[in-house]
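Notes follow once the structure below has been shown.
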Amino acid sequence: MKTKQTKKTTPDNCKEVYKSTVGLTYFDCEQQDSFKQMSDHENPYFTFSCTTRYILVLIATGKIDARAMAWKELADRGYDVNGNYIGFKQAIKEFECNVTQCMKMD
């Protein structure tokens, strides 16, 4: 019985190992190494571990923009897109302004 061999992550093949089936790189090599030091609740690998299949399908098919949702959540907590606390009113104002600009670009 043959077993499937898997590549080990090395600097030479790191990017290749972390490519998805649609050709997108999940994380670069330096980010990958830093995740090993993180607690589970901050580790991006576990971001969607409690998300329902229904929501994951909506995100994967582009029916929900996960980036926009994260940005909105930051604004709802009073943070700008860089994670700086700017207060609730200012954060919502910036979020709404940028969403409007994005809509004009489409």
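State all residues of the stretch 63-73 that are under 13 Å from Val99 (Cβ atoms) and either of a type in the set (D, E, K, R) or in contact (Cβ under 8 Å) with a residue 12 or more places away in the chain (or both); if no residue qualifies, say none.
Correct list: Asp65, Arg67, Ala68, Trp71, Lys72.
Kindly evaluate Lys63 against the criterion of being loosely packed, with under 13 Cβ neighbours inside 10 Å, over 13 Å from the mean Cα position of the chain (by Cα), under 28 Å from Lys93 (Cα atoms) and at pLDDT 85 or above.
On the way: loosely packed, with under 13 Cβ neighbours inside 10 Å: yes; over 13 Å from the mean Cα position of the chain (by Cα): yes; under 28 Å from Lys93 (Cα atoms): yes; at pLDDT 85 or above: yes.
Yes.
Would you mind finding the one in Glu16, Glu42, Glu30 that is modelled with pLDDT under 65 and of a type outside the set (Gly, Ala, Ser)?
Glu16
Could we say that Cys50 is at pLDDT below 90 and assigned to a helix (DSSP H, G or I) here? Even if it seems obvious, please write down each step before you answer.
Values: at pLDDT below 90: yes; assigned to a helix (DSSP H, G or I): no.
Criteria not met by Cys50.
The values are calculated or read from the model by the stated rules, or taken from the named source; none is laboratory data. Quantities reported herein were computed from a predicted structural model and do not represent experimental measurements. A quick note on method: Cβ atoms are made from the backbone with ideal geometry, for glycine too, and the neighbour counts reach across all protein chains shown.
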